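Computed from the coordinates by the stated procedures, all read-outs in this text should not be read as laboratory data. Note that this is a predicted model, so its numbers are computed, not measured. Backbone-built Cβ (ideal geometry, glycine too); neighbour counts: all protein chains shown.
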Ligand code: C5P
């Protein structure tokens with residue numbers, strides 16, 4: 001899979017997400033389904049969007065004991081999505097178990113990527129709440145390295161970290177980056193943002209874009225603009 005724009009479909013009902021996707025008439029953007037939609041509609045919404053021909057990043061961020069994650073990944077693998085994810089904080093053993101669970105009897109599997117430290121976690125909350133005293137950049141790179149060592153395909157990270165992740169884990173290790181905004185657009189609640197063109201320059205493999213597309217007056221035009229800026 002090459003560089004692509006993934007639309008974060010942060011909707012809470014089947015009706016809303018399908019009405020949104022209907023606007024794309026014939027185009028099949030790569031979409032991200034997160035907890036909100038999955039918990040509202042269950043696995044059937046994943047199957048329905050897949051049947052419409054979209055690639056899917058199922059963003060459920062698993063984090064539990066290795067055996068539970070392994071069995072859950074085996075279930076998710078049957079949904080035939082393209083990317084799944086988990087929290088690197090669950091340890092290397094959990095990540096290895098996840099990969100095992102995700103691998104189908106014929107040896108194929110969706111890509112598996114890890115969340116390092118959430119971008120909502122800052123140095124202060126990491127030190128005070130998690131008792132992790134190292135600098136956050138070092139922690140993020142350490143978690144990315146753990147994910148690579150466990151055999152995962154990449155990480156979700158801030159676009160500002162993508163270059164360093166590639167240096168640390170190799171250029172083929174995927175960086176999937178949210179926090180993307182148009183130069184003339186609203187930042188919203190994101191703190192550290194990049195434009196699609198900047199994300200391209202620093203080497204993001206996939207950008208995850210939500211509101212700049214979903215809340216646009218013309219979502220299809222916003223998606224096309226994003227693709228043009230990011231992929232060229
Ligand atoms: O609307 P917006 O473009 O901010 O959406 C970004 C998407 O990426 C949301 O689904 C959000 O949950 C997700 N995300 C993020 N930052 C992370 C991890 C995921 O914004 N560190």
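Numbers below:
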read-out	value
Cα-based radius of gyration of the stretch 93-170 once divided by 2.2 N^0.38 Å, which approximates compact folds	1.21
Full-extension gain in nm, residue 224 to residue 18, via 0.36 nm per residue minus C-alpha separation	72.3 nm
Most to least packed among 215-225, 194-204 [average Cβ atoms within 10 Å]	194-204, 215-225
Additional length obtainable on full extension of the chain from residue 202 to residue 120, 0.36 nm per residue less Cα span	27.4 nm
Calculated FRET value between residue 183 and residue 27, using beta carbons and R₀ = 35 Å, to 0.05	0.90
Nitroxide proxy distance, nm - points 7 Å out along Cα→Cβ at residue 36 and residue 171	3.7 nm
The stretch 1-147: relative contact order in percent, alpha carbon pairs under 8 Å with at least 6 residues between	18 percent
Expected 222 nm ellipticity per residue - DSSP helices of 4 or more, -39500 (n - 2.57), all of the chain, to 500	-12000 deg cm²/dmol
Estimated Rh, the stretch 7-99: Kirkwood, alpha-carbon pairs, angstrom	13.8 Å
Radius, Kirkwood style, for the stretch 4-230 when every pair of distinct Cα atoms is counted (Å)	18.0 Å
